[in-house]
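Each remark here refers to the structure printed beneath this line.
Quick note: the coordinates plus some simple rules give every number you see, no bench work behind them. Bear in mind that the values here come from a model prediction, so they are computed numbers and not experimental data. Cβ placement follows ideal geometry from the backbone for every residue including glycine, while neighbour counts extend to all protein chains displayed.
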Amino acid sequence: MSHCTVSKIHHVGVVVESLRRAYGFWRDTLGLPLLREAEIPDQGVRAALLAAGESEVELLEPLTADGGVARFLARRGEGLHHICFETADVDAALGGLRAQSVPLLDERSRAGLAGRIAFLSPKACHGVLVELATPPQGTEARDSPVRLKRLVVGCREPAAAAGSYQRLFGLPEVAINGGARCMLGWAGGGTLLMVPASEVGNVEGMVALSMVAPEMAGLLGRLRRAGAAMLVGAAEVTIEPRSSHGVHLHISRYHFP
Ligand code: CO
């Protein structure tokens, strides 16, 4: 049984060249409300959290040339960087993971934008950088016109990857009829869809983000005015990474309960 139980996707971290420019898309075009922005010197970044339904999107702009985020930007360009799960007690979670000899980047929690946070080694989670966070008491989800729904992860063996996420974090499995695919997570708190790397250009790690919106017309109008490169379907839009800071982004219409 897992020693570390997480309750939802707290946020998805996206590395950007410039927060100011990234706000043009994520805040002004998508409409995600900015919750807070701060410099995090020990991560070498200026970071911002924007509300996306029950979860958030974190934007990270490197401040120094030698930090991990700066190296990521130089090597891979803008795009998905890490996923953060919420847990009630990050230090207890770290203790449980350490007892299972899970490789960690942080041996104890530290202050981050999302509260008390810690990072696991990407080796722990099939190449995905995972952060755990315990937000301050009394933080509430903020309403937003677009909500985070699902993160797509390319895996050499989806079933094996899903098994280790279940073991490490107690992530519940969501039943799907997806053949070689596996889905984990929560109806309201975000899901992870593990797909064979061969289906996503042999990429192992985070490959795409799905969001939902109750109302598409206003969103499509804002995307058009911003000149976003996109493919518009009947009740969905796929935005090309060059218009969404390196993120393969799919947004579909969804009636919130
Ligand atoms: Co983060």
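For V146, what is the net charge nearby, where nearby means another residue's Cβ is under 15 Å from its Cβ and Lys, Arg count +1, Asp, Glu -1?
My count for the surroundings of V146 gives +1.
Counting pairs of Cα atoms in region 72-146, how many percent are more than 21 Å apart?
34
Could you state the principal axis extents of the C-alpha atoms in region 217-257, from the largest down, to the nearest angstrom?
The Cα atoms of region 217-257 stretch 32, 19, 16 Å along their principal axes.
Take peptides 148-158, 108-118 and line them up by average Cβ neighbours within 10 Å, highest first, as a rough protection proxy.
148-158, 108-118
When a footprinting reagent is the concern and you count Cβ atoms within 10 Å, what order do C125, C182, C84 take, fewest first?
By the 10 Å Cβ count, ascending, the order reads C125, C182, C84.
Which loop-located GluC sites (Glu not before Pro) does region 151-252 contain, where loop means any DSSP state but H, G, I, E or B and the Cβ has at most 13 other Cβ atoms within 10 Å?
E215
Amide H of R46: which non-local residues (sequence gap of 5 or more, or other chain) have their own amide H closer than 5 Å, using H built in the peptide plane?
Here the answer is I40, E61, L63, since their amide H atoms fall under 5 Å of that of R46.
Could you state the number of Å between the C-alpha centres of region 70-88 and region 1-62?
Their Cα centres are 10 Å away from one another.
Based on a Kirkwood Rh over C-alpha pairs, give the Stokes-Einstein translational diffusion coefficient of the chain at 4 °C and viscosity 1.567 mPa s in µm²/s.
Estimated via Stokes-Einstein, D reaches 70 µm²/s.
Using the Cα atoms of region 147-252 to build a convex hull, what is its mean projected area in square nanometres?
That works out to 7.3 nm², a quarter of the Cα hull's surface.
Rounded if a/c is under 1.5, else prolate if a/b is larger than b/c, else oblate: which is region 21-162, with a ≥ b ≥ c the root eigenvalues of its Cα gyration tensor?
It is rounded, given that a/c, with a ≥ b ≥ c, falls under 1.5.
Using the Cβ atoms and a cut-off under 12 Å, what net charge is assigned to the surroundings of G227, where Lys and Arg are +1 and Asp and Glu are -1?
+3
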